[in-house]
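The values are calculated or read from the model by the stated rules, or taken from the named source; none is laboratory data. Since the model is a prediction, treat every value here as computed from it, not as a measurement. Please note: Cβ atoms are built from the backbone with ideal geometry, for glycine as well, and neighbour counts cover all protein chains shown. Only protein heavy atoms, including side chains, enter the accessible area calculation; ligands, DNA and RNA are left aside. Shrake-Rupley method; radii C 1.70, N 1.55, O 1.52, S 1.80 Å.
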Amino acid sequence: PIWFVIKALPYIIEDQDGSTISLLNSFFANSVALYLLNKEVGLDALMNKWEKETGNSDEIKMRQRIGRMFDTVLINQRMAAEITRIEQLQLSDGSWPWFPGMKGNRYITQIMFCGIGRLYDMHIYDNYSDRLNNMAIPAFKYCDYEMNSDYEKIISQKGNPNDNHITSDILNYLYARTFWNVPVDYKFGKAVYFWQEQAWTYWQDRSPLEKAMLVPIFYRQGEDTVYIKMLRRFDNEAIHSDKDG
């Protein structure tokens, strides 16, 4: 599987449409590339060999492309430029926009601090940890506030709070938070517990992708009974193949 990762990295780094997400994806891919170079013995020598290969076949061109991407100096240059741009794009309220010049967006912001949290969880961004944490903290506050606002709207409408109120935004919020050991502000504690209960109660109504996101949410919250039940459900619904996995 590591070779699928390596082959995909150049495309992720080069797929730049000017959006905030593409910038984070590129930073993430460069971080993974640097991590692999430091971890996998002999990978740097292999990448150097590929970069210097000659020929015009598609296979050789692919190897040359990958070899150029795994140049340590270039990786560090790209990451330094990318993290500076990510910092510049973050707005004063902690949010990020879809594109430069636009207003902050909750969906984008949750993807951003989820991506940063993945790097934190994988322990592969030591050189930039302080700068990433400094961006994540205000992003947390922004997303906590949005999550709490959703909760307060439900309570103020005086409907039945036990009905199904869970949304994709909330599921993405709960999922992103699983990568961080950051306590929730006490004033938002009731709202977080409400949404956790909603997820526990109505997980079967969500899409397969959202159910998959809920597994680590439940697992990291210690909800053993729920996530084991979910894993069994996935196993029963999966297509099992010795060839394809």
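Couple of notes before you dig in:
- Label-point separation in nm, E14 to A212, each point 7 Å along Cα→Cβ: 2.6
- Within the straight-line cut-off of under 19 Å between alpha carbons, the aspartates and glutamates reachable from K190 are D144, E146, D150, E152, D163, D169, E223, sequence neighbours fewer than 8 places apart in one chain being disregarded.
- Helical runs assigned H by DSSP (4 residues or longer) give the chain a calculated mean residue ellipticity at 222 nm of -22500 deg cm²/dmol, each run adding -39500 (n - 2.57) before division by the residue total.
- Entries of K103/K141; K7/K141; K7/K243 with Cα pairs more than 27 Å apart: K7/K141
- Around D121: net Lys/Arg minus Asp/Glu count, Cβ-Cβ under 15 Å: +2
- Each 10 Å bin, from zero up to the one with the longest distance, holds this percent of the alpha carbon pairs of the stretch 1-117: 13, 41, 28, 14, 4, 0.
- Segment Y35-D185, length gained on full extension (0.36 nm per residue, minus Cα span): 50.7 nm
- Those lysines that a straight Cα-Cα span of less than 23 Å connects to K229, excepting residues fewer than 8 apart in one chain: K211
- Those aspartates and glutamates that a straight Cα-Cα span of less than 15 Å connects to K52, excepting residues fewer than 8 apart in one chain: D44, D71
- Under a model in which nothing but the beta-carbon of Lys, Arg (+1) and Asp, Glu (-1) is charged, the stretch 1-101 shows a dipole of about 280 debye around its Cα centre.
- Those trypsin sites (Lys or Arg not before Pro) in the stretch 1-82 that DSSP places in a loop and that have at most 15 other beta carbons within 10 Å: K52
- Enclosed volume per residue, in Å³, of the convex hull spanned by Cα atoms of the stretch 178-245: 106
- In order along the stretch 99-114, phi translates into HN-Hα couplings of 9, x, x, 8, 6, x, 10, 5, 4, 5, 4, 5, 5, 5, 7, 6 Hz, rounded to whole numbers, per the Karplus curve 6.51 cos²θ - 1.76 cosθ + 1.60 with θ = phi - 60° and x for Gly and Pro.
- Gyration tensor verdict on the stretch 120-242 (Cα atoms; rounded if a/c is under 1.5, prolate if a/b is larger than b/c, oblate otherwise): oblate
- Separation of the stretch 97-160 and the stretch 36-74, taken as the distance between their Cα centroids, equals 35 angstrom.
- A dipole drawn for the chain from +1 and -1 charges on Cβ atoms has a positive end, and of C114, I228, Q90 the residue lying farthest that way is Q90.
- Per-residue HN-Hα couplings for the stretch 143-151 [Karplus 6.51, -1.76, 1.60; θ = phi - 60°; Hz; x = Gly/Pro]: 6, 4, 5, 5, 4, 5, 4, 4, 4
- Net charge contributed by nearby residues that have their C-beta within less than 15 Å of I75 (K/R +1, D/E -1): -3
- Here the stretch 156-194 is scanned for amide nitrogen atoms under 20 Å from the site 7 Å beyond the Cα of R118 along Cα-to-Cβ, giving 168-182.
- Placed amide H near N105: partners under 5 Å, 5+ positions off or other chain: W96, W98
- Against the chain, whose longest principal axis is taken from its Cα atoms, helix 168-177 shows a tilt of about 70°.
- Surface listing: F28, F99, F140 arranged by accessible area from highest to lowest gives F99, F28, F140, probe 1.4 Å.
- Solvent-accessible area per residue for the stretch 79-221 (1.4 angstrom probe, square angstrom): 52
- Rolling a 1.4 Å probe across all protein chains gives S92 an accessible area of roughly 130 Å².
- Convex hull of alpha carbon positions in the stretch 135-199: directionally averaged projected area 4.3 nm².
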